[in-house]
Amino acid sequence: LSFFGQKLFPDVEIYPYVVLGIIGTATGPIFDLYQATLRTRKLATSYAINFLAKSILTSVLAVTMVVFFGFRTVGPLAAAAIAGTFFLFYTLVVFGREVKWGIDKEIAIRGLKYGLPFIPNEFTGWIMSAMDRIVLGSVGSIAGVGIYGIGATLGNSVGFLTSGFNDAFAPHFMSVLAEPTEQKMQEILKMGTLVVSLFLVSGLFISLFSK
């Protein structure tokens, strides 16, 4: 890891930057899998609580490490790694009680047929989301990338909320479309209007701190 890292990114310290980044990334898929099952089972409340808890924990840890402990650029990476590790063990304990671990070849094949076409799109999205930091690091400094990352995390808090609400609300919305009634459609319309209005107000409030 150190050899290839120094070849690809000679100006970036492998320890702790890349190591913490890998930990933060590697601890996510199991938790994401658990969240996906909650959506499938229409457990919107549990999904929303888990999503908000991880987002809030990551943000609080990042701000605390940078502001109070002076970790600077390591702060956001360490915060993501700590939060990811915590929720990995949380998922293994909670989710482990509900499933029997193993591989069903038939289900695996169906899943691969469905999921493989999404890989290019997800990979492209990942590159686009990281490109701003890569460009900033190439023209500025690593410290600038760290500060930018904190600002982006806090500024994107509304994005976290909208994404979480959309994922939690989608199963209920699809169930209503499966058996639509006038009353249910009106409830969906009222709820959607209210939530979108709240998100708009939240975004306006956060933009006041943009300077």
Which value, in Å² rounded to 10, gives the accessible area of Met174 with a 1.4 Å probe and all protein chains present?
-> 120 Å²
Hey, with R₀ at 35 Å, roughly what FRET efficiency would Tyr114 and Arg72 work out to, going by the Cβ-Cβ distance, to 0.05?
-> 0.25
DSSP-assigned coil residues among trypsin sites (Lys or Arg not before Pro) in the stretch 91-129, each with at most 10 further Cβ atoms within 10 Å | Arg97, Lys100
Asn121 versus Ala26, label points 7 Å from Cα toward the beta carbon: distance in nm?
-> 2.9 nm
State, to one decimal in nm, how far the label point of Thr162 lies from the label point of Leu204, with both points 7 Å from Cα in the Cβ direction.
-> 1.5 nm
Unsatisfied cross-links (Cα-Cα over 28 Å) in the set Lys42/Lys184; Lys105/Lys184; Lys42/Lys190; Lys42/Lys105; Lys113/Lys190; Lys54/Lys100 | Lys105/Lys184; Lys113/Lys190
Can you send over the solvent-accessible area of Trp101, 1.4 Å probe, protein chains only, in Å² to the nearest 10?
-> 150 Å²
Check each of the GluC sites (Glu not before Pro) in the stretch 55-128 and keep only those in coil by DSSP with at most 10 other C-beta atoms within 10 angstrom; list them in order.
-> Glu98
Largest first, how would Glu187, Glu179 line up by accessible area (1.4 Å probe)?
-> Glu179, Glu187
Once the Cβ-Cβ distance between Glu106 and Met174 is put in as r, and R0 is 30 Å, what FRET efficiency do you end up with, to the nearest 0.05?
-> 0.75
For Val19 and Val99, what is the calculated FRET efficiency with R₀ set at 22 Å and r taken between the beta-carbons, to the nearest 0.05?
-> 0.15
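The values are calculated or read from the model by the stated rules, or taken from the named source; none is laboratory data. For clarity, every value in this text was computed on a predicted model and none was experimentally measured. With ideal geometry, Cβ positions are generated from the backbone for all residues, glycine too; neighbour counts draw on all protein chains shown. Side chains included, ligands, DNA and RNA excluded: accessible areas come from the protein's heavy atoms. Shrake-Rupley method; radii C 1.70, N 1.55, O 1.52, S 1.80 Å.
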